[in-house]
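Student: The structure follows.
The values are calculated or read from the model by the stated rules, or taken from the named source; none is laboratory data. Worth saying up front: this structure is predicted, and the values here are computed from it rather than measured. Heads up, the Cβs are rebuilt from the backbone with ideal geometry, glycines too, and the neighbour counts pull from every protein chain shown. Keep in mind that these areas ignore ligands, DNA and RNA; they rest on the heavy atoms of the full protein, side chains included. Shrake-Rupley method; radii C 1.70, N 1.55, O 1.52, S 1.80 Å.
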Amino acid sequence: MPTVVLMDVSLSMTRPVSLDGIEEFQRKNLAVHGLNMLFEHMASNYRLEFTALMAFSSLWELLVPFTRDYNALQEALSNLEDYDKTCLELALQGVSSVVQQEWGNGCPCQLQMTDAMENLEELLRLSGGDGQIFTVDGPLCMKSVQAMFGMLIDRAYSPFHAVLHCGNLSSDVQVFPRPEPVVLDEEVEPIPRAVSTDLEIVGFIEIADISSPPVISRHLVLPIAVNKEVDEVGTGTTDELEEEPSASQMAGKSPNFCVLLHGSLKVEGMVALVQLGPEWFGMLYSQADSKKKSNLMMSLFEPGSDPLPWLGKISHLGPVSEAAENPYGEDDSKSPFPVQPQVKRSYAQNVTVWIKASGLQTDVQKILRNARKLPDKTQTFYKELNRLRKAALAFGFWELLKGVAELLERECTMLPDSAHPDAAFQLSHAAHQLKLASSGDSQYAAFDHNIVPMHTDFSS
């Protein structure tokens, strides 16, 4: 994520600091030394980070806008001027303005500040607690400042190196920006879960099947060359590169699985499912920045065995070749996704709701209207009857079952002489079944039990 360095240039930073009683430095000189240490590290190990430099006292000024040119940042540090008093509130408003103008409201940003501020703990608390304060351990000197910036680098700017595996193939990669640990809120005792340094590709799937899934973060995946002679990641310092220009060329010519994977995913229009840790998955895919340039990206899903409901459990997926028949069809005209759940979703069912008396009255009247049209409406009659029966059992509304049974018996006695003989039998049978259900008998009061029409020998 982008970084904003907020440098205090007030008069308080000109206070002298005695080093070993021999040479005196200003606090500003120590801050500049530490920031130069940070910029040199980022130039060699975190070069994709966008960084801006701001100075503040009673006002604020943007010295260097967001850039990857760390020489420009170091040059601006060497040309700092001293101003008046410190006003942190205006400085933070300036940071907000600069960040929103460049990145908008949805992009998180890291803020690095110099000099001691009394209310930093309160500011962190008000911002949600996502931050950390680094202080000098021991007397203020060059070594203690270097140690403090070293802790900052280890905490926020250390590159994340991993090994990407796919069967017998593997590649050393750098993931940028560094994946942050994830804490699951629903756990009783939340424990931060970190991405493993061994990334295992478990399979491949078409882009259309995975669609546009929800993710918690996106990262660049960059291949890195490993110098096996010195057992270090990278190609050495800048001086070594100038003396041996062929080192980077040799690294570019050597085969690399990461490059092969990127090209394959781009051509085939697929994504790779990668395991980030126990029951934690993500996906690798090719994303185009322009018509000629694309990057290998990795998106992290929510931790869990089934982060994407339409795919089901990731562990249940398998090769197409092992299926009894091709799930995509012979001409790729169908898809096995989305996976249909075994149990119907509650929102996919017609739920009976009796919030008002009118709703219950309507359902009872519907049963009576169908009862008067028996046997023509036999199927509809029993469908509505079973729907009301299940709702009554679910609510524990036993009196309703008895009341509807009495209404059906009354309808049976009021049938005209021209009524079909089957109507009387069906009404008596339905009333009897409702009375059995209202008695609480386990055989007839079961929720999954349905009342079926009585079989008669009458014909229409």
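Student: Of the conditions (1) in contact with a Ser or Thr (Cβ under 9 Å, 6 or more places away or on another chain); (2) assigned by the TED database to the domain that holds residue 212, residue 317 satisfies every one except a single condition; which number is it?
Tutor: Every condition holds for residue 317 apart from (1).
Student: Then there is this: State all residues of segment 180-199 that are at pLDDT 90 or above and surrounded by 17 or more Cβ atoms within 10 Å (Cβ to Cβ); if no residue qualifies, say none.
Tutor: Selection gives 195, 199.
Student: Considering only segment 176-224, state which residues are in a strand (DSSP E or B), more than 15 Å from residue 287 (Cα to Cα) and hydrophobic (A, V, I, L, M, F, W, C).
Tutor: Listed by number, the residues that qualify are 182, 199, 201, 202, 204, 205.
Student: Let me ask something additional. Looking at (1) open to solvent by 50 Å² or more (accessible area, probe 1.4 Å); (2) touching a Pro at 6+ places or on another chain (Cβ under 9 Å); (3) polar (S, T, N, Q), find the lone condition where residue 378 falls short.
Tutor: Checking residue 378 against (1) open to solvent by 50 Å² or more (accessible area, probe 1.4 Å); (2) touching a Pro at 6+ places or on another chain (Cβ under 9 Å); (3) polar (S, T, N, Q), the one that fails is (1).
Student: Among the residues of segment 411-420, which ones are surrounded by 12 or more Cβ atoms within 10 Å (Cβ to Cβ) and not in a loop (DSSP other than H, G, I, E, B)?
Tutor: Passing the criteria: 411, 412.
Student: Which is on the phi < 0 side of the Ramachandran plot and crowded, with 21+ Cβ neighbours inside 10 Å, of 14, 3, 51?
Tutor: 51
Student: Residues that are modelled with pLDDT under 85, under 23 Å from residue 32 (Cα atoms) and of a type outside the set (Asp, Glu): does segment 95-106 have at least one?
Tutor: There is no residue in segment 95-106 that is modelled with pLDDT under 85, under 23 Å from residue 32 (Cα atoms) and of a type outside the set (Asp, Glu).
Student: Same structure, new question: Can you tell me how many residues in segment 421-453 are crowded, with 16+ Cβ neighbours inside 10 Å and part of a loop (DSSP other than H, G, I, E, B)?
Tutor: The total comes to 5.
Student: A further question on this structure: Given the criterion out of contact with any Phe, Trp or Tyr (no Cβ under 6 Å at 6 or more places or on another chain), open to solvent by 20 Å² or more (accessible area, probe 1.4 Å), in a helix (DSSP H, G or I) and of a type in the set (A, V, I, L, M, F, W, C), identify the matching residue among 388, 368, 401, 393.
Tutor: Numbers: 388 fails: open to solvent by 20 Å² or more (accessible area, probe 1.4 Å); 401 fails: open to solvent by 20 Å² or more (accessible area, probe 1.4 Å); 393 fails: out of contact with any Phe, Trp or Tyr (no Cβ under 6 Å at 6 or more places or on another chain).
Matching residue, one of 388, 368, 401, 393: 368.
Student: Would you point out which residue out of 304, 329 is of a type in the set (Gly, Ala, Ser), part of a loop (DSSP other than H, G, I, E, B), over 26 Å from the mean Cα position of the chain (by Cα) and on the phi > 0 side of the Ramachandran plot?
Tutor: That would be 329, the only listed residue that is of a type in the set (Gly, Ala, Ser), part of a loop (DSSP other than H, G, I, E, B), over 26 Å from the mean Cα position of the chain (by Cα) and on the phi > 0 side of the Ramachandran plot.
Student: Which residues, taken from segment 149-174, are open to solvent by less than 20 Å² (accessible area, probe 1.4 Å) and under 11 Å from residue 199 (Cα atoms)?
Tutor: Listed by number, the residues that qualify are 162, 164, 171, 173.
Student: Then there's this: Can you tell me which of (1) at pLDDT 90 or above; (2) part of a loop (DSSP other than H, G, I, E, B); (3) open to solvent by less than 60 Å² (accessible area, probe 1.4 Å); (4) not aliphatic (A, V, I, L, M) is the one residue 299 doesn't meet?
Tutor: (2)
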